[in-house]
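Reviewing the structure listed below.
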Amino acid sequence: MKQYISTFVVGEAHDSDILDVAISKDFTITCSADGYLKLWNNDPNRALRLSKFVDKLGLHHISVFEDVIDAQPMLLLATVSFSGKSYFYQFDFETSTLLTIKDLPAELTNTNTFFWANAFAKDSNSVAHTYATTLTTGASQVYRLTFDKESNLCPKFQFLGITPTGESTFATCIDLDVAAKKLVVGYQNGSVHLYDLDYLKPLYEFQSFGLTKNTSSSSLSAVRNVKFSPAGKLLAVARDSGSYGTITLYDVKYCETIGSLTISTHSSNVGIGGYAHDKWCLSIAFNEDGSVLASGGLDDKIRLWNVETKERDATISISKSDVSDNNDGNRLDEATCCSLSFIKKGLINGEGDNDGLVAVGFDRVIRWFREAGGI
């Protein structure tokens, strides 16, 4: 079994629930129901570099695009508010400020459109950078991202199209793989749709079979997160199974179920595949080489899974007791992990060459970890 150790904790990092986290080369980036984006330095002190108020209704998703364009570092942030509006920013490395990207296509600024989940995807050949976002109608929009060399590399979003969907239910999550030309969307009713990214045509539907008791409530099998592996060969799906959280792995090429990531259970309300968390699993992430999948649940557990063997490599138990400056909160505030992300090896100086991990939650705390050893 592997061991993961805490490297840094920031308590009361936001004034309300921290709902998503993303990692860039220089920053750990968080968004919160308090309406703020915050950028924390990826150094041993994790100092707050920038705080940006965005929307009074709060933010729930954040996605990051990072590249070097014509020898210039480029960092874009896209976040979505509970108002249904999407916001886009470019980080100015000279002034350490976030510049609002205002030159957007009409589809991204339509006040009658309500966005939810979002994702950037970088093309290694620099010709097909992509941005995708789900709508509350169940459809998803896809955009090509380019940089105008005649206007100081100003980012441009070109609307490519919208996915057809046979689902009238809420589209809860999204991911895309530019190299494999695939787009995946998860829905509240438990279904997962795989699309061809070039033509936005549906390729396959992965249905939910985890819940064994009869129910008419679609929310009992809601898809919480979907992630392609770095090589694009596997798809990981986190779903509800009643009050439990499940994780299923699929083969993307053949659209076959490879297996489930499970811990022991004696519950009669969970399918044969078992469950990964005692409560809903809200976030999953692959490490850099795709050998490990991390999952975070409302059971205050982060689990690390060996993708090849499908066995649990480690469990991190977290609680509010590891923060000395926290205030008393309500029961909802006790949930410690609603989003997580891997940190590339060697990214943070002084913390070795092993995998790193960051997690955020309703308790308004940011927690950084790394695999033990390697210093």
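Take the Cα of Asp289, go 7 Å toward its beta carbon, and the backbone nitrogen atoms of segment 335-375 under 12 Å from that spot belong to 345, 354-355. A simple rule links phi to the HN-Hα coupling: the Karplus curve 6.51 cos²θ - 1.76 cosθ + 1.60 with θ = phi - 60°, which for segment 57-73 gives 7, x, 10, 10, 9, 9, 9, 10, 10, 9, 6, 10, 10, 6, 6, 10, x Hz, with x for Gly and Pro. With θ taken as phi - 60° and the Karplus curve 6.51 cos²θ - 1.76 cosθ + 1.60 applied, the whole-hertz 3J(HN,Hα) list for segment 25-33 is 4, 9, 9, 9, 10, 10, 10, 9, 5 Hz, x standing for glycine and proline. Taking amide H atoms as placed 1.01 Å from N in the peptide plane, the amide H of Ala117 lies under 5 Å from those of Thr134, each 5 or more residues away in sequence or on another chain. Taken along the Cα-to-beta-carbon direction at a fixed 7 Å, the label points for Ser83 and Ile258 span 4.2 nm.
With only Lys, Arg, Asp and Glu charged, each at its Cβ (+1 for the first two, -1 for the last two), find how big the charge dipole of the chain is about the Cα centre; round to the nearest 20 debye.
Computed about the Cα centre, the dipole is about 520 debye.
A convex hull fitted around the alpha carbon atoms of segment 91-241 yields 137 Å³ per residue. The string of couplings for segment 224-234 from the Karplus curve (6.51, -1.76, 1.60, θ = phi - 60°) is 9, 7, 9, 8, 7, 5, x, 7, x, 7, 10 Hz, one whole number per residue in order, with x for Gly and Pro.
Taking 0.36 nm per residue of separation and subtracting the current Cα-Cα distance, fully stretching the chain between Ala179 and Thr309 would add 44.2 nm. Using the Cβ-Cβ distance between Ser16 and Ser319 with R0 set to 22 Å, the FRET efficiency from 1/(1 + (r/R0)^6) comes to roughly 0.70. Please check which bits of segment 14-42 a label hung off Thr97 would reach, taking the label as a point 7 Å along Cα-to-C-beta and the cut-off as backbone N under 14 Å. Output list for this probe position: empty. Among Phe8, Leu347, Phe157, pick out the residue whose Cα is farthest towards the positive end of the charge dipole of the chain, where Lys and Arg carry +1 and Asp and Glu carry -1 on C-beta, about the Cα centre. Of the listed residues, the answer is Phe157.
Annotation for Val68 and Ile5: the two label points, set 7 Å from Cα along the Cα-Cβ direction, are 3.2 nm apart.
Neighbours of Phe159 by Cβ distance under 12 Å: Lys/Arg scored +1, Asp/Glu scored -1, total +1.
Taking 0.36 nm per residue of separation and subtracting the current Cα-Cα distance, fully stretching the chain between Lys279 and Leu57 would add 77.2 nm. Here Lys182 is the anchor, and the lysines within straight C-alpha reach of less than 27 Å, apart from those fewer than 8 places off in the same chain, are Lys25, Lys85, Lys122, Lys156, Lys201, Lys227, Lys233, Lys253, Lys310, Lys344, Lys345.
Since every read-out is calculated from the coordinates, none of them should be taken as a lab result. Only a predicted model underlies this, so the values are computations on that prediction, with no experimental measurement involved. We place every Cβ from the backbone using ideal geometry, glycine too, and count neighbours over all the protein chains shown.
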